[in-house]
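The values are calculated or read from the model by the stated rules, or taken from the named source; none is laboratory data. The structure displayed is predicted, hence computed values, not measured ones. Here the Cβ positions follow ideal geometry from the backbone for every residue, glycine too, while neighbour counts run over all protein chains shown. With ligands, DNA and RNA removed, areas are computed over all heavy atoms of the protein, side chains included. Shrake-Rupley method; radii C 1.70, N 1.55, O 1.52, S 1.80 Å.
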Amino acid sequence: MKNKISPSMMCADALNLGSTLKEFEENGIEYLHIDIMDGTFVPNFTLGTDYCKILKNATSIPLDIHLMIEKPEERLDWFPIGENDMVSVHAESTKHLQKVLRAIKDKGAKAFAALNPATPICFLEEVLDDIDGVLIMTVNPGFAGQKLVPQTLDKITRVRKLLDENGKKASEIEVDGNVSFENAEKMKKAGADIFVAGTSSVFKKDLTLTNGIIKLRSFIAD
Ligand code: DX5
Ligand code: ZN
């Protein structure tokens, strides 16, 4: 399966969103990563429900909504989740993980379970039949521009093994946080399929969006 790029929209130039989306469409970008934060699950606020609706109406690129919020099961309907979209819910953010993963799938979207760096992969064991993939946080969530938590590289390999050993070869692994060109190559080798591209690749200051995308694709190509 071709590796995919999901640019982190909290890193995008908010004053030039239209041209950014056009450039992403021209470069075959597969998802738009939208970080939703409630100031409680993580110490930050970023993008919101209206922003998701704006993107939904502005482009055909599917949304990759990353919910870093408490009680996601009560707030899912606030978002314009449709077919082809994917939604990641943190295992640490709800007492009802299986229920909210199922609710995402009932909307026709792909359901991903997200794990913070310190959360063991055993949190996935009881929901392997309810997920389309796993979002592995390679930084502690809340802010862009952070450095990779090194032990998360091995975690990618262990999650891939867990999925494969349980007949889930089609389940994908998304990585999120300091996905630099060099880190992306290591993450790909470890088993990642979807790469959240932020300040250290696609939105790198000294590159155009197109050049950042082309360069990242060269590092994650199989
Ligand atoms: C952090 C977010 C990431 C972040 C990525 O909580 O989930 O998507 O924006 O930004 P970089 O790539 O700069 O770490
Ligand atoms: Zn994210």
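Some notes on this structure:
- Long-range HN-HN contacts of Lys4 with modeled amide H, under 5 Å: Ile194, Phe195
- Using the Cα coordinates of the stretch 1-92, the gyration tensor eigenvalues translate into equivalent-ellipsoid semi-axes of 22, 15, 12 Å, sorted from longest to shortest.
- Spin-label pair Thr49/Lys205, simplified geometry with 7 Å Cα→Cβ offset, distance in nm: 3.7
- Rounded to the nearest 0.05, the FRET efficiency derived from the C-beta distance between Asp106 and Glu165 at R0 = 30 Å is 0.65.
- Counted over the stretch 4-220, the DSSP beta bridges are approximately 5% antiparallel.
- Taking all Cα pairs closer than 8 Å and separated by 6 or more residues, the relative contact order of the stretch 4-220 comes to 18 percent.
- Residues of type lysines that Lys110 reaches as a straight line, Cα spacing below 23 Å, ignoring anything fewer than 8 places off in the same chain: Lys2, Lys4, Lys53, Lys56, Lys71, Lys95, Lys99, Lys155, Lys161, Lys168, Lys169, Lys188
- Rolling a 1.4 Å probe over the protein heavy atoms of the chain, with every protein chain left in place, gives an accessible area that is 52 percent carbon and sulfur.
- Chymotrypsin sites (Phe, Trp or Tyr not before Pro) within the stretch 21-83, DSSP loop, no more than 14 other Cβ atoms inside 10 Å: none
- Trypsin sites (Lys or Arg not before Pro) lying in DSSP loop within the stretch 1-104, provided at most 11 other Cβ fall within 10 Å: Lys2, Lys95
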